[in-house]
Amino acid sequence: MHDDVPQGRRSLRRRSLLQGLAGAAAGAAALSACAGGDGPRRTDSVRIILGHGAAPGNPRSDGALAFQRLVAEQSGGEVEIQILGQESVGNDTEMMVSVAAGTLDMSINSQGPFSSYVPEAALIGLPFLFESSAHAYAVLDGALQDTIAARAEEVGFHVLNLWDNGMRDISNSVRSIASPEDVAGLKIRTPDDPMTIDIFGELGANPTPLAFGELYLALRQGAVDGQENPVVNIKSSSLQEVQSHLAVTGHKYEVNPFVMSTTRWKNLSEDIRQVIASAAQGAVEEQRRLMTEQTAAIYTEFEQVLEVTHPDRAEFREATAPVAERWQAEHPDFFDQITTAAEAIRAEHEEQPA
Ligand code: TK8
């Protein structure tokens, strides 16, 4: 349902790439264990493989590089992070499976695929829950993240923290969007995320889940009319080249959960765990800083290359209200926790640009 491409074959290729890497890592570990003798003793050299789906230059990609550098610095070179980005070891859904199975150590993943394991996480994307990324950080960092992390731990994921995947807008190549009715009938690609599918279904669009890596081609070939993403992701994957309209709806927010296989996490020494947690903190700060900086610049740039509209958000909020009701019925406790926390500080964030 998700992809038209021969997914099985692609996954197989990726899986054997992963196995090859795991083999290489094991070989390197064995080699360094044998290399006693004259050279400097390098005992506990550890290599950790981190997969993500973002394009080079995307804040997530640069945040991963910051994490790699911080881990190397803080461990005195004892711990090496090997980054495999751009879906080179599978798309987000596939990487979640690999981390759960322990064949991939870490992933900076996406909210939808993560919510297949921790269903509550999809509620972070309730329509119009957050005014801005800053509003989301203030709500999520702390008790909400702890709730999500505790649920994730039960199903094999150690959550280090929640990166910023930004406020999402709608682009398409068919028409200008001024109101919710304009979205009806459009074939909109969504991530593998039940909340986004629900929102676009409610708006009368034809929501079509597809891996992010397939999106550029799908838009270019007209297999789908449009998509929804933060402008930073649109830009770093050049989607504006194959789209003509951008509606600044800010209809939902997403995080990128930074996860590690619980088994791998538990098998690391306390020292290394501390290095990873501290480097992850430095990396999320850098990633969020880059998101903020790039978002403003890209909105300005897109005014030149796309027809940009700013639809009335109140109309969209009203049109998507049944979505929130459905999710409230399904997850009443978490719905209460997250909406109460968001409302408590909404006023402080209302003036900020999305
Ligand atoms: C890239 C994806 C992307 C997400 C999506 O790995 O799929 O639309 O927003 O950022 O995670």
task = Return yes or no: is Ile170 closer than 18 Å to Pro322 by Cβ, hydrophobic (A, V, I, L, M, F, W, C) and within 16 Å of the ligand (Cβ to nearest atom)?
result = no
note = Of the residues in the range 108-157 that are hydroxyl-bearing (Ser, Thr, Tyr) and within 19 Å of Asn91 (Cβ to Cβ), the one that is surrounded by the most Cβ atoms within 10 Å (Cβ to Cβ) is Ser110
query = Pairs under 9 Å by beta carbon, first residue under 15 Å from Ser278 (Cα atoms) and in contact (Cβ under 8 Å) with a residue 60 or more places away in the chain in the range 61-87, partner in a helix (DSSP H, G or I) and among the basic types (Lys, Arg), six or more apart or different chains?
reply = Gly63/Arg288
request  = Answer yes if at least one residue in the range 186-195 is part of a helix (DSSP H, G or I), out of contact with any Cys (no Cβ under 6 Å at 6 or more places or on another chain), in contact (Cβ under 8 Å) with a residue 60 or more places away in the chain and more than 13 Å from the ligand (Cβ to nearest atom), and no otherwise.
outcome  = yes
message = If Ile234 meets every condition in (1) within 12 Å of the ligand (Cβ to nearest atom); (2) within 18 Å of the chain's Cα centre (by Cα); (3) not in a helix (DSSP H, G or I) apart from one, which number is that one?
response = (3)
note = Checked Ile83, Ile49 against criteria (crowded, with 21+ Cβ neighbours inside 10 Å, of a type in the set (A, V, I, L, M) and either part of a strand (DSSP E or B) or more than 16 Å from the chain's Cα centre (by Cα) (or both)); the one match is Ile49
request  = Answer yes or no: is there a residue in the range 125-146 that is touching a Pro at 6+ places or on another chain (Cβ under 6 Å), more than 19 Å from Val323 (Cβ to Cβ) and not in a helix (DSSP H, G or I).
outcome  = no
inquiry  = Suppose we filter Arg288, Arg273 for residues that are without any contact (Cβ under 8 Å) to a residue 60 or more places away in the chain and under 30 Å from Val79 (Cα atoms); which single one remains?
reply    = Arg273
note = Of the residues in the range 128-149, those that are touching a helix residue (DSSP H, G or I) at 6+ places or on another chain (Cβ under 7 Å) and either within 16 Å of the ligand (Cβ to nearest atom) or modelled with pLDDT under 95 (or both) come to Phe130, Ser133
ask   = Of the residues Leu210, Leu217, which single one is more than 14 Å from the ligand (Cβ to nearest atom) and among the aliphatic types (A, V, I, L, M)?
value = Leu217
remark   = Reported set for the range 52-80 where residues are of a type outside the set (A, V, I, L, M, F, W, C), within 16 Å of the ligand (Cβ to nearest atom) and not in a loop (DSSP other than H, G, I, E, B) is His52, Pro59, Arg60, Ser61, Asp62, Gly63
Which listed residue, of Val259, Val248, is buried (at least 19 other Cβ atoms within 10 Å of the Cβ) and within 14 Å of the ligand (Cβ to nearest atom) = Val259
ask   = Just for the range 167-185: of the residues that are surrounded by fewer than 18 Cβ atoms within 10 Å (Cβ to Cβ), in contact (Cβ under 8 Å) with a residue 24 or more places away in the chain and not β-branched (Val, Ile, Thr), which one is nearest to Asn229 (Cα to Cα)?
value = Ser173
query = Can you tell me how many residues in the range 154-167 are in contact with a Ser or Thr (Cβ under 9 Å, 6 or more places away or on another chain) and within 13 Å of the ligand (Cβ to nearest atom)?
reply = 4
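The values are calculated or read from the model by the stated rules, or taken from the named source; none is laboratory data. The structure displayed is predicted, hence computed values, not measured ones. Backbone-built Cβ (ideal geometry, glycine too); neighbour counts: all protein chains shown.
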